[in-house]
Amino acid sequence: MSSRIDLTTVWDDAKAMARANGELLIAVAGMFLLLPLAVGLQLMERPPLPPQGASQDAILQWYEGFFAANLPVMIGVTIITSFGILAILTLLLRPERLTVAESLKAALRVLPGYVLANLLQQFGVMAGLTLFLLPGFYLIGRFALVGAASAAENDGNPFSMLRRSAELTRGNGWRLFGLLAVIMIVVMVVNIIASILIGLVATLLLPADLAEFAISLVSAFTWTAIFTLTALVTAAFYRAATAPTSAPWAPGR
């Protein structure tokens, strides 16, 4: 049975990686996370919301219409952001310490398998969430290292990615899920506060289109922060699971 991984060590390692690679992380996240998210939010069509008290069928029809209208944009944004996450993980985890250009090339090679693995993972998680939520939450933790394992081991096979993540998180699935859930909750709370404040100011001072863009930009920043922090934490967790050490991340190690 795998040993329990110290989450404090994981968090310290993630912070060390962020400090050592701050400029590179900002560049990659800005280009492949923030930009496509901001553009995608602007391109999405937003059909009128169903009236208050609408039937369940009307609400379901609204969601079906929303996804049907925005599916191409959502697929495009998902592929680009997946590439960005893989590039960050490759930059952090490959033992030969690739350059940014080399990390982008390496991420591109495993991207198709990673996207397919994520689809399989999401299918399993959604199925688990329908079974009283807990199975879905557990699967999130067990499959959270799919990207880290793929990037670090240059593995483009979606099934081995899922198997490898399950191996590395054995005995620590709930702990990893809890850490990721805390990150999500904290960032989303900050996002709600920022959205309210910026939304009020933008509505008062800017035309409607610019106000909507400002609010969309806050959402894009929020998801960029979530994706980047998740990449850092899963990279650190992968390091702890494969080569337990008390020393934080440093270039060349």
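The numbered conditions (1) over 17 Å from the mean Cα position of the chain (by Cα); (2) under 16 Å from Ala231 (Cα atoms); (3) surrounded by fewer than 16 Cβ atoms within 10 Å (Cβ to Cβ) are all true for Ser103 except (3).
Number of residues in the stretch 125-155 that are of a type in the set (D, E, K, R) and touching a residue at least 24 places away in the same chain (Cβ under 8 Å): the value is 2. Residues that are out of contact with any strand residue (DSSP E or B) (no Cβ under 8 Å at 6 or more places or on another chain), modelled with pLDDT under 95 and charged (D, E, K, R) number at least 3 in the following helices (runs of 4 or more DSSP H) confined to the stretch 1-115: 7-20.
Within the set of pairs 6+ apart or on separate chains, which have a first residue in the stretch 5-20 that is at negative phi and in contact (Cβ under 8 Å) with a residue 12 or more places away in the chain, a second that is surrounded by fewer than 16 Cβ atoms within 10 Å (Cβ to Cβ) and in a helix (DSSP H, G or I), and C-beta atoms under 9 Å apart? Hits for this filter: Leu7/Gly178.
The residues on offer are Val115, Val110, and the sole one that is buried (at least 21 other Cβ atoms within 10 Å of the Cβ), among the β-branched types (Val, Ile, Thr) and either touching a His at 6+ places or on another chain (Cβ under 9 Å) or free of Cβ contacts under 8 Å to residues at least 60 places away in the same chain (or both) is Val110. Candidates are the residues of the stretch 146-181 that are assigned to a loop (DSSP other than H, G, I, E, B) and buried (at least 21 other Cβ atoms within 10 Å of the Cβ); the one that is farthest from the chain's Cα centre (by Cα) is Asn172.
Test Arg163 against the stated conditions and say whether it is in contact (Cβ under 8 Å) with a residue 24 or more places away in the chain and not hydrophobic (A, V, I, L, M, F, W, C). So Arg163 fails the test. A count restricted to the stretch 40-65 and to residues that are under 24 Å from the mean Cα position of the chain (by Cα), surrounded by fewer than 16 Cβ atoms within 10 Å (Cβ to Cβ) and of a type in the set (A, V, I, L, M, F, W, C) stands at 2.
The values are calculated or read from the model by the stated rules, or taken from the named source; none is laboratory data. What you see is a predicted model; the values in this text were computed from it and never measured. Counting neighbours? That spans all protein chains shown, and the Cβs are built from the backbone with ideal geometry, glycine included.
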